[in-house]
Amino acid sequence: MIKRFLIFLLLFFIILTSFAQFSSSIRKGSVTVLTSSIVLDSLSIVPNSLVLNGINTSQFTVDYLSATLTITDSLLIGKTIEYSYRCFQYNFSKKYSHKPLTLITPQVQHYVPYVISDGDGAISQLFYDPALQSSGSISRKFSIGNNQDFTLNSALNLQLVGELSEDLSIVANITDKNVPIQPEGNSRMIQDFNKIFLQLNYKN
């Protein structure tokens, strides 16, 4: 019997405390309308709990999260309005964080990856000569699969026709299906290519 009485007493105090906390969230007051936007509270208002005495709902709008009352009827400017509402214990329009985001997000400049640049035109200057005509292509492809490692393949096709000097002309055709790659770029050594046709003509 005593045990049941203690349980009932405990439940009674819990309900009483909850009711007291909920009742304390009811707020009443009055405000003189000087501007069309009025902040009623620093906490968020419970939706549909705001009551303005003698004011039609078509004469105002409410942002419940920021507790902001916006008067849409200019006839209410200068009048005193009585209000009542319930509010939460938080302002849901504000951002809350334990630490600033700058501590976990590095401030780095935005960059676009995988952009290939010719720099100062070093590639175009490699075979640049008014008397030497060059044509061809360089292609690269990669393959990857479930049972296959990542592989990178390259192919080169280069044709050269022209004069190296006043007395020396050249005709060349160089092809390679696997262009050797060096840390500083593609190798320029002619011995690295597997198919080479080279013809030099000397004018005597």
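None of the figures in this text is laboratory data; all of them are computed from the coordinates on show. Note that the structure is predicted; figures quoted are calculated from it, not measured. FYI the Cβ positions are ideal-geometry reconstructions off the backbone, even for glycines, and counts take in every protein chain you see.
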Gain in span if fully extended, THR70 to LEU101, counting 0.36 nm per residue against the direct Cα distance:
7.9 nm
Where does each of ASP73, ASP176 land when they are ranked from fewest to most other beta-carbon atoms within 10 angstrom?
ASP73, ASP176
Ratio of alpha-carbon Rg to the 2.2 N^0.38 Å globular estimate for the range 130-179, to two decimals, please.
1.72
Can you list, bin by bin at 10 Å, the percent of alpha carbon pairs in the range 27-90, starting at 0?
22, 61, 16, 0
